[in-house]
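Computed from the coordinates by the stated procedures, all read-outs in this text should not be read as laboratory data. What you see is a predicted model, and the numbers here were worked out from it, not measured in a lab. So basically every Cβ, Gly included, is an ideal-geometry build from the backbone, and we count neighbours across all protein chains shown.
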Amino acid sequence: MSQHPRLLWPYATFAFVVGLGWFVLAPLVPDIINQFHGSLGSVLLLISLYGYTMIIGSLPAGLWIAKKGPQPVLRWAIILTVVGLFLRAMASVYSILLIAQIIAALAYPFLIAPIGSILRLSGILRTKMATGLVIGCLFLGMAVSSILGPHLSLRTDFWLTAVVSLIVGIWLWMSSRVIVAEAPLTLGRIRIVVSRWWLIGFVISSISVMYGSISTTALSHWHVPNALVLGGVLSSLTFLGSAFGAIGFGWLAEQKNNSTGLQRLLAILSFGFLLACALELTGLLTPEASALDLAFLGFGIVGNGWYTLALERAARQAQNAGSAGLATAGYSMASNIGVAVIPVLLGPLVTQRPLWWLGLVVLTALIAMVVPFVTKQDDPSLMAHRTA
């Protein structure tokens, strides 16, 4: 297979753009309500659309790239993002804003869900590092937009993300031309491998989002000073930690022939930081700003580092490069099902029944923590065959 490593940077940068366009909405919720006369629920729907489209579009995206190769999938991700964000910037009523956000959100599963095949069929061989870079850039975009968004006007934020998406989209479009000739038309038997690694994606994603969504409510319940501001800071720290964890641990895992030991270490550390966050949110440990900052940042770093390595391992279990996209698409689908279900079901219990909530969170985390301890390291020769 020809190697086209120059595709990696525009691909990762466009993932940053998707994160930027997505979470710039979070700090703008009050402004959107005022300018578009929507309810809180209708505005929060705009943010949740990315998760819903990932659930619906992950497997179709994986199948498409398995049959047609990376280029058409990447180009449709560019088109949908650019069209959606420009339409969003021009929207004057909520209905148009909603349509624009649906269009932009549809790009998310096309860009991220089949990452296993996109990397392999593009000739990128250092897949752990590359997976970490792409996922890390997505979270970095989310962190930057959540921090930058409040300092600019709503229209400035919307137009800035639209223009940046166009510039980076052109770069990725031009870079994707190098893989057209080599993209296989027939990739052999394509099948999805249901993997226990999906459990890690399900748990880490759902608990991360639940912590971010309930932190302000829980801290207000325990009468923590400046709970509203602190809740926003904690979410930003989690995103920043997630970005650095994915990139850093992806690079570190690439230096090792066997990353199982690193996976197990990250599982233990993730459980420790997850438990620290939970104990403070329930008031069993006295919630203090510095301790919360450290706990949420640490959970973002090690949790998303673990999430990224598990995502790459799920892809390595596929029979061939085409099926790798289905494997990571299934992982993304499982992650976003968790995001859609767990915060809604468990989140309210943090103040209503804190001990029950703590027990359920710990049990869920323990189930995921077991995975790297009971899964054998894949045979290197078999992996070379599968990803060739």
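Please rank Ser213, Ser145, Ser122, fewest neighbouring Cβ atoms within 10 Å first, as an exposure proxy.
Values: Ser213 16, Ser145 26, Ser122 29.
Ascending Cβ contact count within 10 Å gives the list Ser213, Ser145, Ser122.
Gain on full extension, evaluated as 0.36 nm per residue between Glu288 and His151 minus their Cα-Cα distance, stands at 46.7 nm.
If you take the beta carbon distance between Ile367 and Leu44 as r and set R0 to 30 Å, what does 1/(1 + (r/R0)^6) give as a FRET efficiency, to the nearest 0.05? Computed FRET efficiency for Ile367 and Leu44 comes out at 0.55.
The share of C-alpha pairs in region 96-157 whose separation exceeds 15 Å stands at 66 percent. A quarter of the convex hull surface defined by the alpha-carbon atoms of the chain gives 17.2 nm² as the mean projection.
When the chain is described by a simple charge dipole with +1 on each Lys and Arg Cβ and -1 on each Asp and Glu Cβ, the residue from Leu8, Ser153, Thr53 located farthest towards its positive end is Leu8. Both radii were evaluated on the Cα set of region 198-386; the Rg over Rh quotient, with Rh as the Kirkwood radius, amounts to 1.01.
Maximal additional length on extending the Leu252-Thr375 stretch stands at 42.3 nm, based on 0.36 nm per residue less the C-alpha distance. The calculated FRET efficiency for Arg75 paired with Tyr52, based on their beta-carbon distance and R0 = 22 Å, is about 0.45. In units of the compact-protein estimate 2.2 N^0.38 Å, region 1-97 shows a Cα radius of gyration of 1.29. Relative contact order, whole percent, for region 198-386 stands at 38, derived from Cα pairs under 8 Å and 6 or more residues apart. Each Lys and Arg Cβ is given +1 and each Asp and Glu Cβ -1; about its Cα centre, the chain then shows a dipole of about 1160 debye.
I need the Kirkwood Rh of region 5-179: take the reciprocal of the average 1/r across all distinct C-alpha pairs and report it in angstrom. Write out the running numbers ahead of the final one.
Working: mean 1/r = 0.0622 Å⁻¹.
About 16.1 Å for region 5-179.
Ranked by the mean number of other Cβ atoms within 10 Å of their residues, highest first, the peptides 104-117, 150-163 come out as 104-117, 150-163. List nothing, just return the count: lysine pairs in the chain, 8 or more apart or interchain, with Cα separation under 27 Å. Step by step, the pairs that qualify in the chain add up to 5.
Each residue in Ile342, Ile207, Ile200, Ile167 was given a count of other beta-carbon atoms within 10 angstrom of its own, and listing them fewest first yields Ile167, Ile342, Ile207, Ile200.
Among 94-101, 69-76, 27-34, 223-230, what's the highest-first ranking by average C-beta atoms within 10 angstrom per residue?
Values: 94-101: 18.4, 69-76: 21.1, 27-34: 16.6, 223-230: 13.5.
Packing order, densest peptide first, comes out as 69-76, 94-101, 27-34, 223-230.
Give the relative contact order (percent, whole number) for the chain; include only Cα pairs under 8 Å separated by 6+ residues. So the answer I get is 27 percent.
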